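The values are calculated or read from the model by the stated rules, or taken from the named source; none is laboratory data. Bear in mind that the values here come from a model prediction, so they are computed numbers and not experimental data. Every residue, glycine among them, receives a Cβ derived from its backbone with ideal geometry; neighbour counts consider all protein chains shown. What goes into the accessible areas is simple: the full protein's heavy atoms, side chains included, and nothing from ligands, DNA or RNA. Shrake-Rupley method; radii C 1.70, N 1.55, O 1.52, S 1.80 Å.
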Amino acid sequence: MQFQQLQYFVAVAETRHFTRAAERVHVAQPSLSQQIRALERELGADLFLRARGNITLTDAGEALLPLARRILADADTARQEVQELAQLRSGRVRLGATPSLCTGLLPDVLRAFHDRYPGIRLLVEEGGSHDLVRHLARGALDLALVVLPLPTPSPALSTVELLREDLVVVSSPDAPAPGGGDRAVRVSDLESERLVMFRHGYDLRELTVAACRSAGFEPDFAVEGGEMDAVLGFVRAGLGVAVVPRMVATRSGRGLRVTPLAPPGLHRTIALAHRSDVAPPRAARELQRMLLER
């Protein structure tokens, strides 16, 4: 049984005329008649009583008609849903990002994306770059915002640089200013400070610790193991200072003193990654475009 045969059958059933049915479905009348006969042979029953100028349904035709209409309606619904996906009216995007980017970069971009495509469901996965790369590789994410260089470079991933972000030092306004109150803090000044440090696997932890060691000292941790919100909360409470992205400090700066790092400073490079062997879905490609054009 072919889908086209059901279309022809319903057209004849509704017009009760082979010629008019052929005109409705835009096919030659002999071709339509031939397909109806083929359908009847396959079903093993006549579907129409054919009398000159009078076409009526047989019992078999009456039984088939509602089923055929349902099949055609379901096919039309499927077609519309696929078209809606293609036109960004529905669907989902699975986006991974480091917690600091969820705090700093993403809110404005995701708001703009949601305003433009309110039918697209956004699923955001927070994690370190190492975890996000693993999720991308196994197909659990469509896109991910990661910190370069990747902890485990993979030829199966494509990355494009998104931005280069300065890091700053945040401290409590009620505590002495880091670096003796200078307008900028050198990395070496952090030797005399107690640091509020992120958990293991956090990109900012590795970057800060490496910078301190390059300056010739091991950092002293007042508190360690938190996520971004916890680290900022501990700093506000005066437990120590922390090195965070400028974008995060700007957005979450209430109750914090923000001090830049003296040149050459510390920076991190953010990239947008996706699998190179599978094209992201249409909605994910649109979010990718908005991130790159932000």
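For (1) assigned to a loop (DSSP other than H, G, I, E, B); (2) at pLDDT 95 or above, each residue gets a yes or a no:
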position	(1), (2)
121	no, no
136	no, no
159	no, no
162	no, no
167	no, yes
173	yes, no
180	no, no
216	yes, yes
> Restricting the search to segment 255-280, which residues are surrounded by fewer than 19 Cβ atoms within 10 Å (Cβ to Cβ), polar (S, T, N, Q) and either modelled with pLDDT of 95 or more or part of a strand (DSSP E or B) (or both)?
Replying inline: 269
> Can you find a residue in segment 281-289 that is open to solvent by 20 Å² or more (accessible area, probe 1.4 Å) and among the hydrophobic types (A, V, I, L, M, F, W, C)?
Replying inline: no
>> If residue 221 meets every condition in (1) more than 22 Å from residue 98 (Cβ to Cβ); (2) touching a strand residue (DSSP E or B) at 6+ places or on another chain (Cβ under 6 Å); (3) open to solvent by 40 Å² or more (accessible area, probe 1.4 Å); (4) not in a loop (DSSP other than H, G, I, E, B) apart from one, which number is that one?
In response: (1)
> Do we find a residue being in contact with a His (Cβ under 7 Å, 6 or more places away or on another chain), surrounded by 11 or more Cβ atoms within 10 Å (Cβ to Cβ) and farther than 26 Å from residue 215 by Cα anywhere in segment 158-175?
Replying inline: yes
>> Just to be sure before I move on: is residue 67 assigned to a helix (DSSP H, G or I) and open to solvent by 30 Å² or more (accessible area, probe 1.4 Å) in the structure I sent?
In response: yes
> Which one is farthest from residue 246 (Cα to Cα) among residues in segment 109-119 that are touching a helix residue (DSSP H, G or I) at 6+ places or on another chain (Cβ under 9 Å) and part of a helix (DSSP H, G or I)?
Replying inline: 116
> Do you know which of the residues in segment 242-254 that are over 26 Å from the mean Cα position of the chain (by Cα) and open to solvent by 10 Å² or more (accessible area, probe 1.4 Å) is farthest from residue 83 (Cα to Cα)?
Replying inline: 254
> Across segment 46-60, which residue is nearest to the chain's Cα centre (by Cα) among those that are farther than 16 Å from residue 2 by Cα and outside any strand (DSSP E or B)?
Replying inline: 60
